[in-house]
Amino acid sequence: MNRWLLPEDIADILPAEAAKVEALRRLLLDLYQSYGYELVTPPLIEFLDSLLTGTGSDLNLQTFKLVDQLSGRTLGLRADMTPQVARIDAHLLNRQGVTRLCYAGSVVHARASITSSSREELQVGAEIYGCASLNADFEAISLLLQTLRLAGLERVYLDLSHAGVLAGILGDVALAPEQMETLYTLLQTKDRPSLATWSQALPTDCANALLALTHLNGPSNEVLKKARKGEFALPNNLKVQESLLQLEALLTSITELEPATEISIDLADLRGYQYHTGVMFAAYIADLAQPIARGGRYDQVGAAFGRARPATGFSLDLLTLASLSKASALRLAIRAPWVNDPALERQIMQLRQAGEVVIQVKEGEAFLSTQYRCDRELVQQGKNWVVTPLRSVK
C-alpha cells in the first residue's frame, strides 16, 4: 500500500482552500464575538458516556470508539461538539445567567453522512444557554443568516419546525425508543401508507394527527393556517397550539428582519428529535440538496451534566460552507530577491509589519502558488529598495 494514501472519505485540504477556510473561520468567530459569544475549545476525545450524553442513537453510530490504556474506559472521538459545549456550560462555567458560547473544531464521523462526502468536518457553531424565551431562538436564527451572508451565499431558504408539535400529538402515549425511531423515519420520508398501518394501534385522534403532519409542509403562512383549521388541523391542545404560536411569532420577527429570506415550515421534519425540545430550523441554498446548517432548542441536554439549562443554537460544516462560498482567498504579494542584503531585509520586515505579503524568490526561479499572486516587486534603486509594479507576473 502506498504510504501517502488516506483512508476512504478523508482528504487533505490544499493551500488555496485551506486559506479560504481559515479566513472564513476568523470572520465568523469575529462576528459571533461581536454579539458577546465566548470562544471555547473542547477536547477532541472524551469518555464515551460523556460524549454521547443527551444525544440519540445516530450520534452513537457515527462516533469512533477506542479503549483508554490509562483508565480502561471507552473513549470516543467526537462526532459533534454541541454536547461538549453543553457540558462546559452546565458543569464547568456553572453560571446562573445567560451564557453565549461559540466554537470551531474538527469532528470525525465513522462514515460519511448524506450531507457530506467527507468523514471529517470542521464544525462551527454558536449556542445560547440560560434563556428560555423566543428571543434566544430568534438571535440564533439571525446569527445563522448573517453567517451565510458573510460567506457570500445570497439566496437562503429557511425551514422551520417544532418538536413540541409531535410531543403534543403523542400526549400520554408512551413509545419505546425503537418505536420512536420508526415513527421518525415514517414522518421524515412522509410514507403515508406505512404510517397509516403502523399507527393503527394508537388512539384514532393521535393516528390522524400523525398523518396530518405529513401534509403540513410548504410556505409558512399556508402551513400555519392548515394546521389550525381544515382537513389537516392538529389537535387543539395546549402543547400543540403553543408550539404553533411560537412558530408564528418567530416567523413574524424573521420576516421583519430578513424580508428577502424565503421561509417554509415542515412539521414532519424532526431530524434530531431525540434531543430537540422546541423550535428547530434548517438553512438551505440552491447549490446543495441537504441543509447547509441546522439548529434548534435542546433544553434537556444539560440535565445529564447536573443542570437542566434552556439552550438553543446552530452548527454547520465550515469546509462545505467554504467550498460553496464565492469569496476568494487569493492574496496579492510583493516579490523580492532572495539575497543576503541587510537593507533589503530591513525593507521586507517593514513591509510585513505593515501587513504586506513579501515572498523571496531565487533569481531565475519561477514562483508557484495557488494562494498568492505577485503583482509588485522590490527593486534596488541606488542604496534603497523600492516597491514597483511587477514587470512580468510570474
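The values are calculated or read from the model by the stated rules, or taken from the named source; none is laboratory data. Everything numeric here is computed off the predicted structure, so don't read it as measured data. When we count neighbours, we look across all protein chains shown, and the Cβ atoms used for this are built from the backbone with ideal geometry, even at glycine.
Candidates are the residues of segment 93-143 that are in contact with a Pro (Cβ under 9 Å, 6 or more places away or on another chain) and of a type in the set (Gly, Ala, Ser); the one that is nearest to residue 307 (Cα to Cα) is 130. Residues in segment 350-357: is at least one charged (D, E, K, R), surrounded by 11 or more Cβ atoms within 10 Å (Cβ to Cβ) and either outside any loop (DSSP other than H, G, I, E, B) or on the phi < 0 side of the Ramachandran plot (or both)? So far as segment 350-357 goes, yes, one or more of its residues are charged (D, E, K, R), surrounded by 11 or more Cβ atoms within 10 Å (Cβ to Cβ) and either outside any loop (DSSP other than H, G, I, E, B) or on the phi < 0 side of the Ramachandran plot (or both). Close Cβ contacts (under 6 Å, 6 or more residues apart or on different chains) running from residues in segment 211-228 that are within 13 Å of residue 247 (Cβ to Cβ) to residues that are among the small types (Gly, Ala, Ser) and in a helix (DSSP H, G or I) comprise 216/227.
Evaluate the following for residue 379: is it surrounded by 15 or more Cβ atoms within 10 Å (Cβ to Cβ), outside any loop (DSSP other than H, G, I, E, B) and without any contact (Cβ under 8 Å) to a residue 40 or more places away in the chain? When the stated conditions are applied, residue 379 passes them. Scanning segment 105-136 for residues that are among the hydrophobic types (A, V, I, L, M, F, W, C) and either more than 14 Å from residue 40 (Cα to Cα) or surrounded by fewer than 18 Cβ atoms within 10 Å (Cβ to Cβ) (or both) yields 107, 108, 110, 112, 114, 122, 131, 132, 134, 136. Summed over segment 9-19, residues that are outside any helix (DSSP H, G or I) and of a type in the set (Gly, Ala, Ser) total 1.
When 9, 58 are checked against the criterion of being modelled with pLDDT under 95, of a type in the set (Asp, Glu) and touching a Gly at 6+ places or on another chain (Cβ under 9 Å), a single residue qualifies: 58. Of the residues examined, residue 88 is not one that is part of a strand (DSSP E or B) and either touching a helix residue (DSSP H, G or I) at 6+ places or on another chain (Cβ under 6 Å) or among the hydrophobic types (A, V, I, L, M, F, W, C) (or both).
Taken over segment 344-361, the criterion of being over 22 Å from residue 330 (Cα atoms) and in contact (Cβ under 8 Å) with a residue 12 or more places away in the chain is satisfied by 344, 347.
If you check 315, 323 for being surrounded by fewer than 16 Cβ atoms within 10 Å (Cβ to Cβ), under 27 Å from residue 17 (Cα atoms) and in contact with a helix residue (DSSP H, G or I) (Cβ under 8 Å, 6 or more places away or on another chain), only one passes: 323. Take residues that are within 20 Å of residue 105 (Cβ to Cβ) and tell me which of the strands (runs of 3 or more DSSP E) falling wholly in segment 252-332 contain 3 or more. Correct list: 293-297, 311-317.
Screening 293, 322, 327, 336 for residues that are in contact (Cβ under 8 Å) with a residue 40 or more places away in the chain, farther than 28 Å from residue 119 by Cβ and not β-branched (Val, Ile, Thr) leaves exactly one candidate, 336.
Every condition in (1) modelled with pLDDT of 90 or more; (2) out of contact with any strand residue (DSSP E or B) (no Cβ under 7 Å at 6 or more places or on another chain) holds for residue 273 except the one numbered (1).
In the set (1) among the hydroxyl-bearing types (Ser, Thr, Tyr); (2) closer than 17 Å to residue 313 by Cβ; (3) out of contact with any strand residue (DSSP E or B) (no Cβ under 6 Å at 6 or more places or on another chain); (4) at pLDDT 90 or above, the condition left unmet by residue 32 is number (3). Checking each residue in segment 4-55 for being surrounded by 14 or more Cβ atoms within 10 Å (Cβ to Cβ) and of a type in the set (Ser, Thr, Tyr) picks out 32, 35, 37, 50, 53, 55.
Yes or no, residue by residue, for (1) buried (at least 17 other Cβ atoms within 10 Å of the Cβ); (2) within 30 Å of residue 286 (Cα to Cα):
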{"position": "191", "(1), (2)": "no, yes"}
{"position": "194", "(1), (2)": "no, no"}
{"position": "204", "(1), (2)": "no, no"}
{"position": "209", "(1), (2)": "yes, no"}
{"position": "222", "(1), (2)": "no, yes"}
{"position": "247", "(1), (2)": "yes, yes"}
{"position": "268", "(1), (2)": "yes, yes"}
